[in-house]
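What follows is one structure encoded as structure tokens, with my remarks underneath.
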Amino acid sequence: MSPEYPEHLRYLDSHEYCGLEGSIATLGITAYAVEELGDIVFVELPAVGSRVTRGQTFGTVESVKAVEDLNSPVTGLVTERNQPVVDAPEVLAADPYGQGWLIRVQVEEYDPADTLSASEYRQRLEG
Amino acid sequence: MTRRTPLHDLMLHLGARMTKFAGWELPLSFHGILQEHQAVRTGGGLFDISHMGRFELVGVGLIDKLQPLVPTDLSRLQPGQAQYTVLLNPEGGILDDLIFYYQGGEDPARGLMIVNAGRTAADEAWLQTNLPPGVRLENTTSKQALIAFQGPRAALWLQPLVDLDLEKLPGFSHSPVRVLGQPGWLARTGYTGEDGFELLVSPQTGEHLWRALQGAGAAACGLGARDTLRLEAALGLYGLDLDESTTPLEAGLSWLVDWSKGEFIGREALSAQKHSGLHRRLVGLTTPGRHIPRHGYPLVYQGQKVGEVTSGTLAPSLGHPIALGYVPRALSSPGQTLGVEIRGQTWEVTVAKRPFYRRSQ
């Protein structure tokens, strides 16, 4: 069973996804990242009202196995953070593109050239 | 080139997520580290540990000839007993930790050493250099399958498959055995803090044994769970918690050092360290949050870096992070609080008694 990469999302090499609706970006991590990390025990996300910067880290995901930085493809203001994921990281593993989203950002700066399409991302993974 | 164990195909067939470890391709996990961890704590779990180095030693007066090579007194070992010990460099630093299984026999006597995979080649060279004449060493790594079967139900589930009364096999003993009618060897040793066994069998018998035990209820487990289990039991991992720069006295292994025996490599250095006083000790650390102190993270006290975490994880049986690390002796008593720096922030950790987890008897 290979992981899914929805067509309407954009992807980073470092396994974050970005879903744009108008000027709001939803950021999360891909099914591949979830599978690679294994049991996720801890998610650290920025507070609502703080800023994230394109190309910089905005939080961390920690599993029993490893800790990974979360990278942002956008610059902007955090408008929402998914508290259920912070409280119960299992949600992230179960549904990374749905209930497992991480933060929503009011986008000020975004360059699609920083990101990959679903098929490009899949190609990176499969080599 | 990554090496594969005799059980490699079975592991893939069972859906293992593989990882590279010490030059070997091994299962990291099958159905999740936490689930596998729990299986070992409550029932039984199977691990392919065929990567671990094996040396068969044969020689007249084998025990006497090994005595100068280890700090532990082997003279009271009876055939069928095993001893955990270390190899030391002349500075008292740990070259490897291992279990020596004494098989006995008159002229010549036999024994088996099981060592860390990543140290096998170095150990072999060191042993060939330091073993006195008359002891023959054969590296038999990966000839056979080596399977660890660990957990409170291990004996119950293994018993129907072997021709030996497991009740008569105490901890740290071992014996030749028939497994599913085939010749093999088993020891009541492990690396999880649970009761359990390590079995050496042919690759084919290994596969049959694995399937039979899974049929009885055992879970296939990978290196991920092996690491969380050994850390809860506060068992050091060579390369992280133990290395050539740490002595057994610093690493909490002073019980391995027998001062009443004769000369052994590293004795002088250890003796000097004992008399001048230890500067640092390996301690257990706990922290109430969810941030895991990991290998290399600085340990701080009153704003100063005083040591480093050598390994850490979330302890699945305890529900909070645990770690091992070296701290100055003055800060090594249980209850002492220190800080650990995790990605720029300092969190409180407390020195804890080891092991973190102890099985109910």
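The values are calculated or read from the model by the stated rules, or taken from the named source; none is laboratory data. No experiment lies behind these values; they were computed from the predicted model shown. Positions of Cβ are generated from backbone atoms using ideal geometry, with glycine treated the same way; all protein chains shown enter the neighbour counts. When the accessible area is computed, the model is the full protein with side chains, heavy atoms only, and any ligands, DNA or RNA have been set aside. Shrake-Rupley method; radii C 1.70, N 1.55, O 1.52, S 1.80 Å.
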Which translational diffusion coefficient, to the nearest whole µm²/s, is obtained for the stretch B:311-353 from the Stokes-Einstein equation, given a Kirkwood hydrodynamic radius over C-alpha pairs, 37 °C and 0.692 mPa s? 290 µm²/s
Placing +1 on each Lys and Arg Cβ and -1 on each Asp and Glu Cβ in the stretch B:279-352, then taking the dipole about the Cα centre, the residue among B:Ala323, B:Val349, B:His279 whose Cα reaches farthest towards the positive end is B:His279
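Using the Cβ atoms and a cut-off under 9 Å, what net charge is assigned to the surroundings of B:Pro298, where Lys and Arg are +1 and Asp and Glu are -1?
Working: positive: B:Lys305; negative: B:Glu308, B:Glu341.
Result for the local shell: -1.
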Give the calculated FRET efficiency between A:Glu80 and B:Leu278 to the nearest 0.05, with a Förster radius of 56 Å applied to their Cβ-Cβ distance. 0.60
Cα gyration tensor of the protein assembly as shown, axes a ≥ b ≥ c as square roots of the eigenvalues: rounded (a/c below 1.5), prolate (a/b > b/c) or oblate? prolate
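Report the accessible surface area buried between chains B and A, summing both sides, using a 1.4 Å probe on protein heavy atoms only, in Å² rounded to the nearest 100. Numbers along the way, then the final one.
Working: alone 15780 and 6670 Å², together 21080 Å².
Buried: approximately 1400 Å² between A and B.
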Taking the Cα centre of chain B as the origin, how large is its charge dipole in debye, to the nearest 20, when only Lys and Arg (+1) and Asp and Glu (-1) carry charge on their Cβ atoms? 760 debye
Apply the Debye scattering formula to the stretch B:279-352, with a single equal point scatterer on each alpha-carbon and no solvent, then give log10 I(q)/I(0) at q = 0.13 Å⁻¹. -0.29
Using a loss threshold of 50 Å², tell me which positions in the stretch B:324-361 are less accessible in the complex than in their chain alone. Probe radius 1.4 Å, ligands and nucleic acids ignored. B:Arg343
Would you be so kind as to identify which of B:Pro334, B:Phe100, B:Gln78 lies farthest towards the positive end of the dipole of the protein assembly as shown, taking Lys and Arg as +1 and Asp and Glu as -1 on Cβ and the Cα centre as origin? B:Gln78
Sequence-distant or interchain residues sharing an amide H contact under 5 Å with B:Val349, placed H: which? B:Leu338, B:Gly339, B:Val340
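Could you provide, to the nearest whole Å², the per residue accessible area of the stretch B:1-149 with probe 1.4 Å?
Values: 5820 Å² over 149 residues.
Normalised by residue count, the accessible surface of the stretch B:1-149 is 39 Å².
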1.4 Å probe, heavy atoms, protein only - residues of the stretch B:273-310 losing at least 40 Å² accessible area vs chain alone: B:Arg290, B:His291, B:Arg294
Considering only protein heavy atoms, what per residue accessible area in square angstrom results for the stretch B:242-336 with a 1.4 angstrom probe? 44 Å²
Per Stokes-Einstein, at 4 °C and 1.567 mPa s, what whole-number D in µm² s⁻¹ belongs to the stretch B:249-291, with the Kirkwood radius over Cα pairs as the hydrodynamic radius? 104 µm²/s
Mind putting a number on the dipole of the stretch B:54-139 about its Cα centre? Charges go on the C-beta only, +1 for Lys and Arg and -1 for Asp and Glu, and I need it in Debye to the nearest 20. 100 debye
Where the Cα pairs of the stretch B:54-139 fall when distances are cut into 10 Å bins, in %: 18, 59, 23, 1
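Could you compute the longest span of chain B free of chymotrypsin sites (Phe, Trp or Tyr not before Pro) located in DSSP loops and having at most 16 other Cβ atoms within 10 Å, not counting the site residues?
Here the longest run is B:1-171.
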Nothing charged except the Cβ atoms of Lys and Arg (+1) and of Asp and Glu (-1): what's the magnitude of the dipole of the stretch B:120-209 about its Cα centre? Round to the nearest 20 debye. 120 debye
Could you bin all the Cα-Cα distances of the stretch B:85-219 into 10 Å bins starting at 0 and give me the percent of pairs in each, rounded to whole numbers? 10, 39, 32, 15, 3
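Please give me the summed charge of the neighbours of B:Thr205: other residues whose Cβ is under 12 Å from its Cβ, Lys and Arg +1, Asp and Glu -1. Spell out each step's value before the answer.
On the way: positive: B:Arg178, B:Arg211; negative: B:Glu207.
Net charge in that neighbourhood comes out at +1.
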Taking 30 Å² as the minimum loss, tell me which residues in the stretch A:31-71 lose that much accessible area going from the chain by itself to the full protein complex (1.4 Å probe). A:Glu35, A:Asp39, A:Val41, A:Phe42, A:Glu44, A:Glu62, A:Val64, A:Lys65, A:Val67
So the pair-distance distribution of chain B, from every Cα-Cα distance in 10 Å bins, comes to percents of 5, 24, 32, 26, 11, 1, 0
Projected onto the charge dipole of chain B (+1 at Lys/Arg Cβ, -1 at Asp/Glu Cβ, origin at the Cα centre), which of B:Gly181, B:Ala216, B:Val135 gives the Cα projection farthest towards the positive end? B:Ala216
Counting heavy atoms of the protein chains only and a 1.4 Å probe, report the per residue accessible area for the stretch A:10-109 as a whole number of Å². 40 Å²
Cα-only Rg/Rh for chain A with Kirkwood Rh rounds to 0.93
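Could you please state how large a percent of the accessible area of the protein assembly as shown is carbon and sulfur, counting protein chains only and using a 1.4 Å probe? Walk me through the numbers on the way to the answer.
Values: 10400 of 21080 Å².
Carbon-and-sulfur percentage of accessible area, whole number: 49.
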